[in-house]
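Notes for the one structure printed next.
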Amino acid sequence: MKHTVLLIEDNEANRYLARFLLEKNGLEVLQAKNGVEGLALALARPPDLILMDIEMPEMDGYEAARRLKADPA
């Protein structure tokens, strides 16, 4: 069983590199371009680990982390 990582990153080059490295090490990678997408994806399909940028459009990493922590699930 592969572990799942949710990568929340607005920079396409950073997303590509992180995904490449994570998948090369046997992990399944879910991707989101901002905190809004990341939050929705995390709630719909809870990952084993979340790697998240702090400065992003629409919802920054701090706010996304606060909302994730507030969800009882």
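Please state which of the following conditions residue 13 fails to meet, knowing it meets all the rest: (1) of a type outside the set (Lys, Arg); (2) touching a residue at least 24 places away in the same chain (Cβ under 8 Å); (3) in a helix (DSSP H, G or I).
(2)
Only one residue in 6, 43, 30 is closer than 21 Å to residue 69 by Cβ and either of a type in the set (Ser, Thr, Tyr) or touching a Gly at 6+ places or on another chain (Cβ under 7 Å) (or both). Which one?
Values: 43 fails: either of a type in the set (Ser, Thr, Tyr) or touching a Gly at 6+ places or on another chain (Cβ under 7 Å) (or both); 30 fails: either of a type in the set (Ser, Thr, Tyr) or touching a Gly at 6+ places or on another chain (Cβ under 7 Å) (or both).
On inspection, the qualifying residue turns out to be 6.
Of all the residues that make up the range 8-35, how many are modelled with pLDDT of 95 or more and within 20 Å of residue 73 (Cβ to Cβ)?
Number of matching residues: 4.
Kindly list the number of the only condition in (1) buried (at least 18 other Cβ atoms within 10 Å of the Cβ); (2) in contact with a Lys or Arg (Cβ under 9 Å, 6 or more places away or on another chain); (3) without any contact (Cβ under 8 Å) to a residue 40 or more places away in the chain; (4) not in a strand (DSSP E or B) that fails for residue 29.
(4)
Take the residues in the range 48-63 that are among the charged types (D, E, K, R) and in a loop (DSSP other than H, G, I, E, B); name whichever of them is nearest to residue 1 (Cα to Cα). So that I can check it myself, show each step before the final result.
In the first step, residues of the range 48-63 are kept if they are among the charged types (D, E, K, R); the result is 48, 53, 55, 58, 60, 63.
From the residues that got through so far, the ones that are in a loop (DSSP other than H, G, I, E, B) too are 48, 53, 55, 58, 60.
Details: 48: 12, 53: 27, 55: 32, 58: 33, 60: 31 Å.
By that ranking, first place goes to 48.
If only one of 45, 66 is farther than 17 Å from residue 4 by Cα, surrounded by fewer than 18 Cβ atoms within 10 Å (Cβ to Cβ) and basic (Lys, Arg), which one is it? Write out each step before concluding.
On the way: 45 fails: farther than 17 Å from residue 4 by Cα.
Answer to the check: 66.
The values are calculated or read from the model by the stated rules, or taken from the named source; none is laboratory data. Worth saying up front: this structure is predicted, and the values here are computed from it rather than measured. Quick reminder, even Gly has a Cβ in these numbers, built from the backbone with ideal geometry, and neighbours come from all protein chains shown.
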